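Read the structure below first, then the notes.
Every number in this text was worked out from the coordinates using simple rules, so none of it is lab data. In this text, all values refer to a predicted model and were calculated from it rather than measured experimentally. Cβ placement follows ideal geometry from the backbone for every residue including glycine, while neighbour counts extend to all protein chains displayed.
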Amino acid sequence: MTEKVVVGPITRANNEGHIELRVEGGKVVDCRSSALFFRGFEMMLEGRDPRDAPYFTERICGICSSAHATAAAFALENLAGVVPPKNGNLLRNLIFGADILQNHVRHFYMLALPDYVRGPERPPFVPRYKHGYRLTPEVEGRFITHYFEAVNISRIAHELVTTLGGKAPFPHGIVAGGATVPPDAAVILDLRAKLSVIARFIKEKMTPDAQIIAESYPEYFRLGRRPQRLLVIGAFPKEPERKTFHWPGGVVENGTMANFKIDPVTEHVRHSYFEDRPGTEPLDAPVPKPRPVKPGAYTWTMAPRYQGKAFEVGPLARLWVLGRYRRGVSAMDRLIARVTECGHLCELMRQWIDELAPDEPVFTRFETPEEGEAYGLTGAMRGALLHYLRLEKGRISRYRIITPSAWNFSPRDDAGRPGPVEEALLGTPIADPKEPIEVGRIVRSFDPCYSCATHIIVRSSS
Ligand code: NFE
């Protein structure tokens, strides 16, 4: 007998998603991952000044705003042929790095942990499933203490963003041409002090906590597995010209690794609420028109593919390419990789603070070109982020965005092949279809962001 199981809305995620499963013989035999609202930022950008693109695209999402600012700034710099000063590059790396720390600490403690730790009998820990938790009350108590400390640590990380970017979320310090805040001695001292508080928490609490979860729920190294297809776009330029990256790009497939290129990237819309067109259209083609009523469609996310295949993006993919974590591709591997990445990021941020030069410039002036096109590429909190910018008469005539959650939460493609989260859920044993705790654990291991995945605020009524 086949049973339909619906988990929706997916809570403890950035905006809402929806997972529909068919369970047969205690296992998932079919799965659909949906994002149920339309956004359309690309359309809002048409006709605007390209210098506004970082500020506009940041509003796609509060949890990864600096990633969008970075990609948009890179796109305009690439088009204008402008190189920021060394300080500009370092400051942007620091704002973005602090925002990633904010995200990862928040994800581990506030979004993922309640899947494994019961917590006290009060909100936000209830309501919750009754079964599937296995930590002792004593260990749970320590986790809950750390949970509340993590709220403060995540706030301190946001303060770092604010010190250099003016506000958080949606910092104004990342612009085409560099950054906006000169790093004087007081700023540098403040950055160092706050970073050391965050780094200590990550080393002494978050890392051992992740280890305890991994040891207590070892079956999650087997659950949430999918084929080894991992994709990374480089992040954190080592130099202002962006030739090499502290987190390099790469494409891993069944044991082989290759450089990431733009040309093999396509977007399929057969199962998305957009006007149909083949998934072979080039990326610089116009944004497809929304079609909220379309047979066979089940999500507002398009399906990005690389060489026609579904690739997973995120901290696990990044650490794999970097050679710092290569255990497996499962729900627990994703969780551990995200925590591990925080430690590495703190080391890099210390180095960037040391390299700041107080009396040197932070911004390179430039003239906005009238015509042209360019990509802005970076790795965001959740993985590969791509912006495409085309200018005509000095205004944006076309803008395309492919976000990490679009990669991970994509629906089936033109050939009917599932997206990464769908792949990860297929075959999962569901102990109790009334309490499918396994689904939340696997889905949250990808750190879902449905805001970015669908990138308007209101579902179209046309
Ligand atoms: Ni809304 Fe985002 C990140 C981007 S999407 S969180 O990270 O881009 O996955």
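Tabulated results
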{"item": "FRET efficiency, 1/(1 + (r/R0)^6) with R0 30 Å, evaluated for Arg22 and Val126 via beta carbons", "result": "0.55"}
{"item": "Stretch gain in nm, segment Ala258-Glu373, where the contour uses 0.36 nm per residue and the Cα spacing is subtracted", "result": "38.8 nm"}
{"item": "Highest to lowest packing among 220-233, 24-37, 438-451, 398-411, scored as the average C-beta count within 10 Å", "result": "398-411, 438-451, 220-233, 24-37"}
{"item": "Cα-centre dipole for the chain with unit charges at Cβ (Lys and Arg positive, Asp and Glu negative), debye to 20", "result": "820 debye"}
{"item": "Zone of Val5's modelled label, taken as backbone nitrogen in the stretch 416-430 under 12 Å from a point 7 Å along Cα→Cβ", "result": "425-430"}
{"item": "For the chain, diffusion coefficient by Stokes-Einstein and Kirkwood Rh (Cα), 37 °C, 0.692 mPa s, µm²/s", "result": "147 µm²/s"}
{"item": "For Phe245, residues with placed amide H under 5 Å, excluding near neighbours", "result": "Lys238"}
{"item": "For the chain, calculated [θ]222 nm from helices alone, where every DSSP H run of n ≥ 4 adds -39500 (n - 2.57)", "result": "-11000 deg cm²/dmol"}
{"item": "Pairwise label distance in nanometres, Glu215 with Ala415, each label 7 Å out on the Cα-Cβ vector", "result": "4.3 nm"}
{"item": "Net length gained if the chain between Val151 and Thr364 were fully extended (0.36 nm per residue, minus Cα distance)", "result": "73.0 nm"}
{"item": "Segments 70-78, 420-428, 243-251 sorted - mean Cβ within 10 Å per residue, highest first", "result": "70-78, 420-428, 243-251"}
{"item": "Whole-Hz couplings from phi, Karplus 6.51/-1.76/1.60, listed for the stretch 353-368; x for Gly and Pro", "result": "4, 4, 7, 4, 10, x, 9, 8, x, 10, 9, 10, 6, 7, 8, 6"}
{"item": "Interchain or long-range residues, amide H under 5 Å from Arg412's placed H", "result": "Gly419"}
{"item": "Charge dipole magnitude, Cβ of K and R +1, D and E -1 - the stretch 319-392, Cα centre, debye nearest 20", "result": "820 debye"}
{"item": "Gap separating the Cα centres of the stretch 113-184 and the stretch 36-109, nearest whole Å", "result": "21 Å"}
{"item": "Hz values of 3J(HN,Hα) by residue in the stretch 29-38 - Karplus curve (6.51, -1.76, 1.60), Gly and Pro given as x", "result": "10, 8, 8, 10, 9, 10, 10, 9, 9, 9"}
{"item": "Separation between Cα centres of the stretch 304-374 and the stretch 224-282, rounded to whole Å", "result": "13 Å"}
{"item": "³J(HN,Hα) computed for each position of the stretch 116-121 - Karplus, 6.51 cos²θ - 1.76 cosθ + 1.60, integer Hz, glycine/proline x", "result": "10, 10, 5, x, x, 7"}
{"item": "Residues whose placed amide H lies under 5 Å from that of Asp30, excluding near-sequence neighbours", "result": "Arg22"}
{"item": "FRET efficiency estimate (nearest 0.05) - Cβ-Cβ, Glu138 to Ser397, R0 51 angstrom", "result": "0.25"}
{"item": "Residue-count net charge about Pro278 - beta-carbon cut-off 14 Å; Lys, Arg +1, Asp, Glu -1", "result": "-3"}
{"item": "Sequence ranges 159-169, 328-338, ranked by mean other-Cβ count within 10 angstrom, highest first", "result": "328-338, 159-169"}
{"item": "Charge-dipole axis of the chain as Lys and Arg at +1 and Asp and Glu at -1 on Cβ define it, positive-most pick from Val287, Leu425, Gln228", "result": "Leu425"}
{"item": "Paramagnetic reach from Met110 in the stretch 36-73 [backbone N under 13 Å; point 7 Å along Cα→Cβ]", "result": "62-64"}
